[in-house]
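Notes follow the structure.
The values are calculated or read from the model by the stated rules, or taken from the named source; none is laboratory data. For clarity, every value in this text was computed on a predicted model and none was experimentally measured. Note that we place each Cβ from the backbone using ideal geometry, even for glycine, and neighbour counts take in every protein chain shown.
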């Protein structure tokens, strides 16, 4: 009886077989591959979300600046062009005219770039034949350059100082 117990203990000390080790390596490899795929996909999504957020923030700041400066104006010098606008201010403001223009994919403010990756900038005048004191702005931004706008901002602006002396 004593010999049987000792031989049983020696058999169990041999370790794992090659097949068992290979199965464990394959299973662990699949788990690691799944985790790497999951985390890289998450990292890509986070980076894309950050780009989208930054572009949305920049578009909002650009349109807020345009709205603020258009609202202060008393007249619009270029109401026939839909991709640029020049705003004149009352003389008592002591401020020179401001021009917003769209060329390529960049909006310029007095020939200085304001925002890029813009797909569309359109100024329209709903009451143009009678009164050009109201401006509609359409701004579309394409973040991922797939020719589909990812961010669309629309707003109407009334010139508060319309009709004040030049």
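Flag set for residue 19, criterion: surrounded by fewer than 10 Cβ atoms within 10 Å (Cβ to Cβ), modelled with pLDDT of 90 or more, over 24 Å from the mean Cα position of the chain (by Cα) and over 30 Å from residue 139 (Cα atoms). Residue count for the range 49-90, restricted to those that are farther than 19 Å from residue 110 by Cα and either touching a helix residue (DSSP H, G or I) at 6+ places or on another chain (Cβ under 7 Å) or surrounded by fewer than 13 Cβ atoms within 10 Å (Cβ to Cβ) (or both): 5. Restricting 125, 100, 89 to those that are touching a residue at least 12 places away in the same chain (Cβ under 8 Å) and out of contact with any strand residue (DSSP E or B) (no Cβ under 7 Å at 6 or more places or on another chain) reduces the list to 89. Among all residues of the range 36-53, there is none that is within 22 Å of residue 140 (Cβ to Cβ), touching a residue at least 24 places away in the same chain (Cβ under 8 Å) and assigned to a strand (DSSP E or B).
The set of residues in the range 23-48 being surrounded by fewer than 11 Cβ atoms within 10 Å (Cβ to Cβ) and within 30 Å of residue 102 (Cα to Cα) consists of 47 alone. Taken over the range 104-140, residues that are farther than 24 Å from residue 52 by Cβ and either touching a helix residue (DSSP H, G or I) at 6+ places or on another chain (Cβ under 6 Å) or surrounded by 12 or more Cβ atoms within 10 Å (Cβ to Cβ) (or both) amount to 11.
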